[in-house]
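Notes follow the structure.
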Amino acid sequence: MSARLARPAFTLLLAWLVLYPVAIVVADSVRGDAVATFVSRPGEWGALWASLWISLASVALAAAIGVPLAFLFEWLEFPGRKALGSLIALPAVLPPFVGVLAFLFLYGESGFVARAVQAVFGLRGPPWRLQGAGAILLVHAYSMYVYFYLLTRAGLAKLDASMLEAAHALGAGRWETLRRVTLPLLRPSLAGAALLVFMTALGSFSAPYVFGGGFRVMTTQIVATKLNGELPLAMVETVALALVAALGLALLRRTEGDELLAALGKGAAPPRRPIRRAPIRALAATAGWLFTVLLLLPHLTLALVSLVPYSSWTTEALPPVLSFVNYQRLFGEPERLRPLVNSLWMAAASTLGAVALALAAGALARGQRAPRAPRAPRALHAPSPRDRWRGPIETLIALPWALPGTVFAIALTTTFSVHAPLALRWVLVGTVFLLPLAYLVRNLPITGRAVLAGYRQLDPALAEAAASLGAGRWTTFRRVTLPLLRPALAAGGSLAFVAALGDFVTSIVLYTYDNRPISIEIMSSLRLNELGVAAAFGVILMLVSALVLGFGARR
Amino acid sequence: MTPFVLLDGVHKQWSPTVRVGPLLLGIPRGEIVALLGPSGSGKTTVLRLLAGFEAPDAGRLVIDGEDVTALPPARRRCGMVFQHYALFPHLDVGGNVAFGLKGSPEPGAAGQKVAEVLALVGLAGFEGRKVQELSGGQQQRVALARALAPEPRVLLLDEPLSNLDPTLRERTRRELRALIKRVGITTLFVTHEQEEAFDLGDRVAVLNDGRLEQVGAADELYERPASLFVATFVGRANVVRGGGATARALGAHDGEVLVVRPERLRFADAGVPGTVRERRYTGAAAFYQVETERGERLEVLAGPEAARVGDRVYLEPAGVLTFPEERA
């Protein structure tokens, strides 16, 4: 393909993958009387409102936990700070559905905590039921505070200590400095974290699905409607959810502000203040360790339950028998091994695809011009083709991020249930290819963001240096660009792989028997009350995720 | 008369080998003192001790008769201009300058003060500008205005000109001095450039390895350096170790080190013999590198046509500073 056509063709390919399915859902949803049905049912409005307030409350809770922790770990020095600081990000290795599973085993009505309370107080029934909005918020706060923690820490690490000293020298005390200098300077980090949490909470499916009970949010409502066979109504619901997501995105983007804020600071971050008074230091360390244990409890619970053989544990506070029988069954029975194999190949294939598309996007939107023979100078400031296509390409790559997973699942299942090659639609529903395609589209923003950032950091002079040494365009890409992008590729690829591996929300809409992934298998094990098997699957997912993320973070 | 600012036996130990002090330094009201020293000599630490960002291990800090040693920075009323200015990027120029002004009973008083201080630094009407859009020199003046606005008792400047274009520096230096003198504020500033210290300071305090070597006016430091370090750090100097023929020819005894300024060496008919190896022309004069018979190099400042490369010459000193040999 000639270089002239590469950018438009690639943009069209992205639009077909990302925009087209959503457009079809929007077009289909306004046809017929589904909109009227949607408007007339109070349950729909209730679900929409629930989605919104649950997301906002999740932001508030996650900030309330994550921001103070970030200050504690970035500004103060106490025994165990380093080890605890990395452990504290552990919720990140729990895929959403596995995290929900762990919470069920831990805090559910027949979980460890409930059993312990029951045993201690001699109660006849379970002391509580883990259900409704409170349960959802508990899971969200646990899994999403990490965004606030990591982004605030990163922001604090970039903070220029002399800014704070300048405020002190001008007469501002500690609190006033925090209010008037530190927090305003952290605003981009905080707004970024708020946006991440809002979007994640809005698209969250696992927690409402398992703990919602009668409490419906939009994501669970959509899947329920689709299972009822009311596909047109499901589409309207999908569009409504997408609109809320777009609204949230627009609002938060406005408060995010420009990234120039950190540009002025040249100094180093303030040094960590050691806590001098021994009792307070001991208190901080103890609180840190306790908190870490609290964070690790779900992981430990999962590991413990995975060792409980089927129906061997009934009313005891702790399981009486522990063995590896669940793992033996999992690896011994081909039918149980299938989901593991399915998840691995689909995650690998979709990640490869997403990385390849991200690389192409980077090369076409950000790559260096291969130096050619000089030609007539263009008019000053006339945009090059690269500049002209950069906006569309980068927007399309980032778009899936702004839409909840359920939206894409419904959009893809609608688009690819029709055979109309002229409209670029084929029947993929019922084949094993639709689900990995959905993973790929959903992961485009993750790999795209990493690769584009990597491209931005490349020194333009390097490509020119390679060219002056006689390297052609491909040689330059292979021997200079690709090696330099390796960390970005590893980071983006590992995140995408883990997201695909643990996916539940798109899987539940798009899976077939032949490509059922682990999360679906966990759900059916749970239905059959095979808790040990479900937990064993969860442990495997958790370990593979941790391994892959660790590989991706390696420098 | 008791000094306005007093560092009385101030001492700060960073590690067994790195320390600052004990220092004794008094600054009369309205004086500008330059803290001059090589990097790592502890200049900035002295500034930060006075501002309250570091706490001394021993000693007292006194400002206007008040012991401020235990006072937090926010209550010391020391205006500080940071090396990279540390302007708040989330506030405009007016917001930066107004930061240290407490809520005044009458409205508009803060705005009036901001306008007044901005006019003082030559940036009248800049209130609404973004700090990122300013040039380096303008940012420096905003930082100065911000420090001066709350009417501090002492002004502290950390390498105030190091971030400026060299061509801009000399002019800014004179403007800065004029401005400080107009305000009349007692000022301590840090620099590693001798020219800057001489130009801007009423007195210069030379710091080396955490200790004050000498405090005095510029000519005093140059003409009567208290130590070999001051003699070599302030101004150009030829250093001749004792024991050699050259040293003896210049009149040194064993165990002494001689320092001769280039302008205090003359080409003459008799004296230390040598050969001109290099000539560096600077316009009104020229620097000559003369190699003695024992291989030492001496720098001589003389007229531009005084000698040519390759000439055999004799050097005669017109003023020699003598210091005891340092114990290694």
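The values are calculated or read from the model by the stated rules, or taken from the named source; none is laboratory data. Everything quoted here is computed from the prediction, not taken from an experiment. Because the Cβ atoms are built from the backbone with ideal geometry, glycine has one as well, and the counts that use them run over all protein chains shown.
Which of the residues that make up the stretch A:471-489 are surrounded by 14 or more Cβ atoms within 10 Å (Cβ to Cβ) and among the hydroxyl-bearing types (Ser, Thr, Tyr)?
Scanning the stretch A:471-489 gives A:THR476, A:THR481.
Collect the residues in the stretch B:59-87 that are among the hydrophobic types (A, V, I, L, M, F, W, C) and over 25 Å from the mean Cα position of the chain (by Cα), keeping them in residue-number order.
If the condition is that a residue be among the hydrophobic types (A, V, I, L, M, F, W, C) and over 25 Å from the mean Cα position of the chain (by Cα), then B:ALA70, B:LEU71, B:ALA74 are the ones that fit.
Looking at the stretch A:200-217, is at least one residue away from chain B (no Cβ under 12 Å) and more than 25 Å from A:GLY43 (Cα to Cα)?
Taking every residue of the stretch A:200-217 in turn, none turns out to be away from chain B (no Cβ under 12 Å) and more than 25 Å from A:GLY43 (Cα to Cα).
Which of the numbered conditions does B:ASN163 fail, given that it passes all the others? Conditions: (1) among the polar types (S, T, N, Q); (2) out of contact with any helix residue (DSSP H, G or I) (no Cβ under 6 Å at 6 or more places or on another chain); (3) within 11 Å of chain A (Cβ to nearest Cβ).
Here B:ASN163 meets the rest and fails (2).
Please work out which residue is nearest to A:THR351 (Cα to Cα), limiting yourself to the stretch A:509-555 and to residues that are part of a loop (DSSP other than H, G, I, E, B) and of a type outside the set (Asp, Glu).
Ranking the candidates gives A:PRO517 first.
Can you find a residue in the stretch B:265-287 that is outside any strand (DSSP E or B) and among the basic types (Lys, Arg)?
Checked the stretch B:265-287: no residue is outside any strand (DSSP E or B) and among the basic types (Lys, Arg).
Here is a yes/no grid of residues against (1) surrounded by fewer than 17 Cβ atoms within 10 Å (Cβ to Cβ); (2) over 30 Å from A:PHE537 (Cβ atoms); (3) touching a helix residue (DSSP H, G or I) at 6+ places or on another chain (Cβ under 7 Å):
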position: A:ARG7; (1), (2), (3): no, yes, yes
position: A:LEU13; (1), (2), (3): yes, yes, no
position: A:VAL18; (1), (2), (3): no, yes, yes
position: A:VAL30; (1), (2), (3): yes, yes, no
position: A:PHE38; (1), (2), (3): no, yes, yes
position: A:ALA50; (1), (2), (3): no, no, no
position: A:ALA70; (1), (2), (3): no, yes, yes
position: A:PHE73; (1), (2), (3): no, yes, yes
position: A:LEU94; (1), (2), (3): no, no, yes
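Are any residues in the stretch A:146-166 more than 7 Å from every other protein chain (Cβ to nearest Cβ) and of a type in the set (A, V, I, L, M, F, W, C), and if so, which ones?
Correct list: A:VAL146, A:PHE148, A:LEU150, A:LEU151, A:ALA154, A:LEU156, A:ALA157, A:LEU159, A:ALA161, A:LEU164.
State the number of residues belonging to the stretch A:450-474 that are in contact with a helix residue (DSSP H, G or I) (Cβ under 7 Å, 6 or more places away or on another chain) and of a type outside the set (Gly, Ala, Ser).
The total comes to 5.
Counting only residues that are in a helix (DSSP H, G or I) and either modelled with pLDDT under 85 or touching a helix residue (DSSP H, G or I) at 6+ places or on another chain (Cβ under 7 Å) (or both), how many does the stretch A:315-333 have?
5
For the stretch B:245-256, what are the residues that are within 15 Å of B:VAL290 (Cβ to Cβ) and either outside the structural domain of B:VAL313 (by TED's automatic domain parsing) or surrounded by fewer than 20 Cβ atoms within 10 Å (Cβ to Cβ) (or both)?
Answer for the stretch B:245-256, where residues must be within 15 Å of B:VAL290 (Cβ to Cβ) and either outside the structural domain of B:VAL313 (by TED's automatic domain parsing) or surrounded by fewer than 20 Cβ atoms within 10 Å (Cβ to Cβ) (or both): B:ALA245, B:ALA249.
Test A:ALA114 against the criterion of being exposed (fewer than 15 other Cβ atoms within 10 Å of the Cβ), over 23 Å from the mean Cα position of the chain (by Cα), of a type in the set (Gly, Ala, Ser) and in a helix (DSSP H, G or I), and give yes or no.
When the stated conditions are applied, A:ALA114 does not pass them.
Can you work out which of the residues in the stretch B:56-75 that are touching a residue at least 40 places away in the same chain (Cβ under 8 Å) and part of a loop (DSSP other than H, G, I, E, B) is surrounded by the most Cβ atoms within 10 Å (Cβ to Cβ)?
Restricting to residues being touching a residue at least 40 places away in the same chain (Cβ under 8 Å) and part of a loop (DSSP other than H, G, I, E, B), the top hit is B:PRO56.
Are any of the residues in the stretch B:269-279 touching a residue at least 40 places away in the same chain (Cβ under 8 Å) and within 27 Å of B:ALA226 (Cβ to Cβ)?
Within the stretch B:269-279, one or more residues are touching a residue at least 40 places away in the same chain (Cβ under 8 Å) and within 27 Å of B:ALA226 (Cβ to Cβ).
Got a number for residues in the stretch A:168-189 being surrounded by 23 or more Cβ atoms within 10 Å (Cβ to Cβ) and more than 7 Å from chain B (Cβ to nearest Cβ)?
2
Mind telling me which of the residues A:GLN131, A:GLN221 ends up being surrounded by fewer than 19 Cβ atoms within 10 Å (Cβ to Cβ) and either farther than 30 Å from B:VAL81 by Cα or touching a strand residue (DSSP E or B) at 6+ places or on another chain (Cβ under 8 Å) (or both)?
Sole residue among the options that is surrounded by fewer than 19 Cβ atoms within 10 Å (Cβ to Cβ) and either farther than 30 Å from B:VAL81 by Cα or touching a strand residue (DSSP E or B) at 6+ places or on another chain (Cβ under 8 Å) (or both): A:GLN131.
Report whether or not B:VAL240 is surrounded by 18 or more Cβ atoms within 10 Å (Cβ to Cβ) and in a helix (DSSP H, G or I).
Considered against the rule, which asks whether it is surrounded by 18 or more Cβ atoms within 10 Å (Cβ to Cβ) and in a helix (DSSP H, G or I), B:VAL240 comes out as no.
Select, from B:LEU207, B:LEU161, B:LEU155, the only residue that is closer than 26 Å to B:GLY100 by Cβ, in contact (Cβ under 8 Å) with a residue 40 or more places away in the chain and in contact with a Ser or Thr (Cβ under 7 Å, 6 or more places away or on another chain).
B:LEU155
Would you point out the residue of the stretch B:88-98, among those that are under 29 Å from the mean Cα position of the chain (by Cα) and modelled with pLDDT of 90 or more, that is farthest from A:LEU164 (Cα to Cα)?
The residue in question is B:VAL93.
In the stretch B:146-160, which residue that is within 8 Å of chain A (Cβ to nearest Cβ) and in a helix (DSSP H, G or I) is surrounded by the fewest Cβ atoms within 10 Å (Cβ to Cβ)?
Ranking the qualifying residues of the stretch B:146-160, first place goes to B:ALA147.
Among what's in the stretch A:242-266 and is within 11 Å of chain B (Cβ to nearest Cβ) and either at pLDDT 80 or above or surrounded by fewer than 17 Cβ atoms within 10 Å (Cβ to Cβ) (or both), pick the residue that is farthest from the chain's Cα centre (by Cα).
Ranking the qualifying residues of the stretch A:242-266, first place goes to A:LYS266.
Considering the stretch B:118-137 alone, what residues qualify as being within 14 Å of another protein chain (Cβ to nearest Cβ) and over 22 Å from the mean Cα position of the chain (by Cα)?
Passing the criteria: B:ARG129, B:LYS130, B:VAL131, B:GLN132, B:GLU133, B:LEU134, B:SER135.
Taking the stretch A:423-470 on its own, how many of its residues are surrounded by 16 or more Cβ atoms within 10 Å (Cβ to Cβ) and more than 27 Å from the chain's Cα centre (by Cα)?
Qualifying residue count, the stretch A:423-470: 4.
B:GLN140: surrounded by 14 or more Cβ atoms within 10 Å (Cβ to Cβ), within 14 Å of another protein chain (Cβ to nearest Cβ) and either under 21 Å from the mean Cα position of the chain (by Cα) or free of Cβ contacts under 8 Å to residues at least 40 places away in the same chain (or both), yes or no?
So B:GLN140 fits the description; yes.
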